[in-house]
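To start, the structure itself, in structure tokens.
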Amino acid sequence: MDFLVLFLFYLALVLIGIVTICICSKNYRLKGLVRGGAQIFSCIIPQCFQESLQKLLHYLFYTRNHTFIILHLVVQGMVYTEYTWEIFGYCQELEFSLYYLILPYLLLAINLSFFTLTCVANPGTITKANELLFLQIYEFDEMMFPKNVKCPTCDLRKPARSKHCSVCNWCVHRFDHHCVWVNNCIGAWNTRYFLIYLFTLTASAATMAIVSTAFLVHLAVVSDLYQEIYIDDFGRFQVMDTVFLIQYLFLTFPRIVFMLGFVLVLSFLLGGYMCFALYLAATNQTTNEWYKGDWAWCQHCPLVAQSPSAEPQVYKNIHSHGLWSNLREIFIPAFPHYERKKK
């Protein structure tokens, strides 16, 4: 009972925390509350510890480094090692279909391939050589992306839907976000790789969760565990219920149940993020545009500039042209074409 309650409590805290972060990132009043709480918290922590923590966070999230790539591969290796060492062997003894058991390895091979492509592919870096060509690909909406704006860092004209990445220190065409797990920006040219990487990672976690659950259920059925009788804390005989069965399986196969809990949580988190990424792809939005969409008003509009009481114009996505066109744009991105100079 204790294990199940603690696991459900942990899962609820993780999910609530992620939802809260998403809500706070779009709500400015909540942002202010979070910052106020952080300031109060900073008064309690010693100054030396604050400086060390700030340096560590700056290194992890604001500089290009391979820390999260290594962490990603280590965690993935640990999960697959446990799956191979116990689940695969036990399921073979129970005569599970080999096709289902091998599926996670096939997904792993595809996932690592697209993970590598996402890491090393050029996301669509804007340079002096391709600046003019990128300016012609997307239409300026004069709200979120006005014309004739220069990047103060790169000293380049900013094409529509581009953004300067402070981590990589370059402007990226159709900038989505900077992903620490791949140590690269997600832009026009590697979004397709990132989506397939995310899909296969979600599918591999879900597949291992399904196989592990099937193994434990099959074991309980074959062993008739649900018909067993145990003595409770008051000395009374009780028929084994679901909660006690889960606790018994955890004590018997702790690593398998722990791995199952981990991949279940991972499946929920990745599945939710995958749905969000597919929504952005279907509506031809980037994470950057979605994040800024609520407050991207027409600041350059003369009516708004002259009349402070005028209602601000809500941002509208002008780049969405239907589901299939939007998906085609991601998987077959527009590349700038260089014309050869005539001799």
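The values are calculated or read from the model by the stated rules, or taken from the named source; none is laboratory data. None of these values were measured; they are calculated from a predicted model. With ideal geometry, Cβ positions are generated from the backbone for all residues, glycine too; neighbour counts draw on all protein chains shown.
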For this session: Out of 95, 86, report the one residue that is in contact (Cβ under 8 Å) with a residue 60 or more places away in the chain and charged (D, E, K, R).
Result: 86
For this session: Could you list all residues from region 147-158 that are under 29 Å from the mean Cα position of the chain (by Cα) and surrounded by 15 or more Cβ atoms within 10 Å (Cβ to Cβ)?
Result: 151, 154, 158
For this session: Mind telling me which of the residues 140, 194, 215, 199 ends up being touching a residue at least 12 places away in the same chain (Cβ under 8 Å) and part of a loop (DSSP other than H, G, I, E, B)?
Result: 140
Exercise. Restricting the first residue to region 324-343 and requiring it to be under 19 Å from residue 136 (Cβ atoms), which pairs with a second residue that is modelled with pLDDT of 60 or more and loosely packed, with under 10 Cβ neighbours inside 10 Å meet a Cβ separation below 9 Å and a spacing of at least six or different chains?
Worked result: 338/129
Exercise. Any residue at all in region 174-189 that is farther than 19 Å from residue 118 by Cβ and of a type in the set (Asp, Glu)?
Worked result: no
Seminar exercise, completed: Exactly one of 109, 129 is modelled with pLDDT under 95, among the small types (Gly, Ala, Ser) and either more than 23 Å from the chain's Cα centre (by Cα) or not in a loop (DSSP other than H, G, I, E, B) (or both), and that residue is 129
Exercise. Would it be correct to say that residue 171 is more than 21 Å from the chain's Cα centre (by Cα) and in a strand (DSSP E or B)?
Worked result: yes
